[in-house]
Ligand code: NAP
């Protein structure tokens, strides 16, 4: 039987730490603040934004919501981001994705100041991941690394197989495992004989977006299995990309869905807001 990796517990510890650091910064006269931009009426985006604002409130972080109309123009959105970039009282800026189709997400991401980019999607921040010299990391892969750390799972010398090569999850995930001295393989939809690859994994990170895709026969005995997926099964129930029932008996450690990676993504966002505030404070000292 695998040890269940408790994302809720690890996330709670990270949130407690973020709260503590927020208090410390406040004592130094620095209120941690996060601007949250939402454009249009996407119901899923509204839920995500509400959760992020709730997390901010719980950590003592000031969140300022900018709810923009569905028909907001590219120029209007960029003008708002530019204003927030130049506002010293705003530490972090988050623009909830996806944006309505008429808006160019890439340009929007690139218009956020890298120092305030709490999602760490800006090309400067993604580039820094390559060199290993970073302040802000994308929330989900950073959350996975925190889970491994919390359970003393060392990637050194291990074959780490990441399924998925998105800019948000798969690619940065692979790079972070590499920085921890893993031997990393990245798989994707064009990988030939995926099971042959996954069966070699000591640490398997799955970020595909297909419900229960990875089954027990694809996993090595004793593997650590991290399920990033957030999908719905045939009954509409939340599940991951890993078929938990067939994989769990073979794994040494496994993340459940829900309660694994999901809470970590939320917690790391708060950690990133605190980091952004520290960056802002350090700049003030230099001035
Ligand atoms: P994405 O951008 O759609 O990327 C999916 C990746 O999976 C792609 O690289 C794709 O390959 C690969 N893939 C698709 N079908 C495959 C197959 N049959 N065999 C091998 N690889 C395949 O998705 P994402 O944003 O990375 O998210 C992945 C999953 O994680 C989703 O379920 C998402 O909801 C979840 N997620 C969860 C959290 C969280 O907090 N828990 C955060 C972010 C994302 P190609 O590149 O070749 O197309």
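Each reported figure results from applying straightforward, stated rules to the coordinates on display, with no laboratory input. Keep in mind that this is a model prediction, so the values were computed, not measured. Glycine gets a Cβ as well: all are built from the backbone with ideal geometry, and neighbour counts include every protein chain shown.
Bin all alpha-carbon pair distances of region 44-192 at 10 Å intervals from 0 and give each bin's fraction as a whole percent.
Binned Cα distances yield the sequence 10, 34, 34, 19, 5, 0.
Using the beta-carbon distance between residue 210 and residue 45 and R0 = 22 Å, what value does 1/(1 + (r/R0)^6) give for FRET efficiency, to the nearest 0.05?
0.50
Post the alpha-carbon centroid distance, region 106-132 to region 22-78, in whole angstrom.
Their Cα centres are 18 Å away from one another.
Return the calculated 222 nm mean residue ellipticity for the chain, to the nearest 500 deg cm²/dmol, obtained by summing -39500 (n - 2.57) across DSSP H runs with n ≥ 4 and dividing by the residue count.
-13500 deg cm²/dmol
Over the Cα atoms of region 71-120, compute the convex hull volume and normalise it per residue, giving Å³.
In region 71-120, the Cα convex hull volume per residue is 71 Å³.
Relative to the longest principal Cα axis of the chain, at what angle does helix 139-150 sit, 0 to 90 degrees, rounded to 10?
Roughly 60 degrees between the two axes.
On full extension of the chain, what length is gained from residue 200 through residue 183, given 0.36 nm per residue of separation minus the C-alpha to C-alpha distance?
Length difference between fully extended and current span is 5.0 nm.
Calculate the translational D of region 1-129 in whole µm² s⁻¹ from Stokes-Einstein, where the hydrodynamic radius comes from the Kirkwood formula applied to all Cα pairs, the temperature is 10 °C and the viscosity 1.306 mPa s.
So the translational diffusion coefficient is about 99 µm²/s.
With axes computed from alpha carbons, what is the tilt in degrees of helix 261-286 against the longest principal axis of the chain, rounded to the nearest 10 within 0 to 90?
40
Summarise the long-distance tail of P(r) for the chain by giving the % of C-alpha pairs beyond 34 Å.
I get 22 percent for the Cα pairs in the chain exceeding 34 Å.
If we count other beta carbons within 10 Å of each Cβ, what is the order of 33, 89, 45, 131, fewest first?
Sorted ascending by nearby Cβ count, the order is 131, 89, 45, 33.
Would you mind checking the tilt of helix 43-59 against the longest principal axis of the Cα atoms of the chain, expressed as 0 to 90 degrees and rounded to 10?
Between the helix axis and the principal axis of the chain, the angle is about 70 degrees.
Largest first and in whole Å, give the semi-axes of region 88-166's equivalent ellipsoid, each being the square root of 5 times a Cα gyration tensor eigenvalue.
27, 16, 12
To check my understanding: the extent here is largest minus smallest coordinate of the Cα atoms along each principal axis. What are those three numbers for region 230-279, in Å, largest first?
Answer, in whole Å and largest first: 45, 28, 12 Å.
Where does the Debye-calculated log10 I(q)/I(0) of region 133-254 sit at q = 0.11, 0.18 Å⁻¹, using only Cα point scatterers of equal weight, no solvent?
These q points yield log10 I(q)/I(0) values of -0.32, -0.90.
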